[in-house]
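Data first, discussion second: the structure below is written as structure tokens.
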Amino acid sequence: MSSPRVDDDARSFWAGMREHKIVLQQCEACGRRRLPPMPSCPFCGTPGGTDTEVDGHGKVYSWVVVHRALTPAQEDEVPYTVATVELPDGVRMVGRLIGEGAPDAPVAPVFVDHDDWTELRFEVIS
């Protein structure tokens, strides 16, 4: 896997990943959290935002099973499941799913370290 491109807005998110933390932006005016990080709040338009750590537990919103590798390097990884996970505050994140996809299945974050970046996956919990 290649490492993600990190811009100034997303730097704190990816730095948090390396420390096995999920860091989202929170608007100082309306209080809503957001991902991806961006220069201003998409809900109220207020510039900036505060980095806020969340625990990453949530529920499966949607998922898809990937059966075809996108590159030759990924051929040994298929099939795998990619899920959209909804956190309690309404933020949705995308990551690989460990376990069976099911509507509203509870999940916990799993951090997978690569050479120069950390990937966020989600594991179905009971």
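So for the stretch 55-78 (the condition being touching a helix residue (DSSP H, G or I) at 6+ places or on another chain (Cβ under 9 Å), of a type in the set (Phe, Trp, Tyr) and in a strand (DSSP E or B)), does at least one residue qualify?
Within the stretch 55-78, not a single residue is touching a helix residue (DSSP H, G or I) at 6+ places or on another chain (Cβ under 9 Å), of a type in the set (Phe, Trp, Tyr) and in a strand (DSSP E or B).
So, in the stretch 92-116, of the ones that are aliphatic (A, V, I, L, M) and not in a strand (DSSP E or B), which residue ends up modelled with the lowest pLDDT?
Here is the first cut: in the stretch 92-116, the ones aliphatic (A, V, I, L, M) are 93-94, 97-98, 102, 105, 107-108, 110, 112.
So of that shortlist, the ones also not in a strand (DSSP E or B) come out as 102, 105.
Working: 102: 92, 105: 97.
Residue satisfying both the conditions and the ranking: 102.
Could you list, in sequence order, all residues of the stretch 16-32 that are without any contact (Cβ under 8 Å) to a residue 24 or more places away in the chain and farther than 25 Å from residue 45 by Cα?
Scanning the stretch 16-32 gives a single hit, 19.
Looking at this structure, is residue 121 surrounded by fewer than 13 Cβ atoms within 10 Å (Cβ to Cβ) and touching a strand residue (DSSP E or B) at 6+ places or on another chain (Cβ under 7 Å)?
Details: surrounded by fewer than 13 Cβ atoms within 10 Å (Cβ to Cβ): no; touching a strand residue (DSSP E or B) at 6+ places or on another chain (Cβ under 7 Å): yes.
So residue 121 does not fit the description; no.
Identify, please: which residue in the stretch 6-40 is more than 18 Å from the chain's Cα centre (by Cα) and surrounded by fewer than 17 Cβ atoms within 10 Å (Cβ to Cβ) and is, among those, nearest to residue 88 (Cα to Cα)? I'd like the intermediate steps shown before the answer.
Here is the first cut: in the stretch 6-40, the residues more than 18 Å from the chain's Cα centre (by Cα) are 27-31, 39-40.
Keeping just the survivors that are surrounded by fewer than 17 Cβ atoms within 10 Å (Cβ to Cβ) gives 28-31, 39-40.
Working: 28: 19, 29: 20, 30: 17, 31: 14, 39: 23, 40: 22 Å.
Looking at the filtered set, the residue picked out is 31.
Going by the structure shown, is residue 50 more than 22 Å from residue 110 (Cα to Cα) and within 18 Å of the chain's Cα centre (by Cα)?
Considered against the rule, which asks whether it is more than 22 Å from residue 110 (Cα to Cα) and within 18 Å of the chain's Cα centre (by Cα), residue 50 comes out as yes.
Suppose we filter 43, 13 for residues that are out of contact with any helix residue (DSSP H, G or I) (no Cβ under 7 Å at 6 or more places or on another chain) and part of a helix (DSSP H, G or I); which single one remains?
Numbers: 43 fails: part of a helix (DSSP H, G or I).
Only one candidate passes the filter, namely 13.
Among the numbered criteria (1) in contact with a His (Cβ under 6 Å, 6 or more places away or on another chain); (2) free of Cβ contacts under 8 Å to residues at least 24 places away in the same chain, which single criterion is violated by residue 41?
(1)
Can you name every residue in the stretch 25-38 that is part of a loop (DSSP other than H, G, I, E, B), in contact with a strand residue (DSSP E or B) (Cβ under 9 Å, 6 or more places away or on another chain) and farther than 16 Å from residue 14 by Cα?
Let us first name the residues in the stretch 25-38 that are part of a loop (DSSP other than H, G, I, E, B), namely 27-32, 35-38.
With in contact with a strand residue (DSSP E or B) (Cβ under 9 Å, 6 or more places away or on another chain) added as a condition, the list becomes 27-28, 32, 35-38.
Within the stretch 25-38, 27, 28, 32 meet the criteria.
For (1) among the β-branched types (Val, Ile, Thr); (2) touching a Lys or Arg at 6+ places or on another chain (Cβ under 7 Å); (3) exposed (fewer than 12 other Cβ atoms within 10 Å of the Cβ), each residue gets a yes or a no:
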| residue | (1), (2), (3) |
| --- | --- |
| 4 | no, no, no |
| 42 | no, yes, yes |
| 59 | no, no, no |
| 76 | no, no, yes |
| 80 | no, yes, no |
| 83 | no, no, no |
| 88 | no, no, yes |
| 99 | no, no, no |
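Return the residues of the stretch 80-126 that are among the hydroxyl-bearing types (Ser, Thr, Tyr) and more than 18 Å from residue 5 (Cα to Cα); say none if nothing qualifies.
80, 81, 84, 126
The values are calculated or read from the model by the stated rules, or taken from the named source; none is laboratory data. Values in this document were obtained by computation on a predicted structure and should not be read as measured data. So basically every Cβ, Gly included, is an ideal-geometry build from the backbone, and we count neighbours across all protein chains shown.
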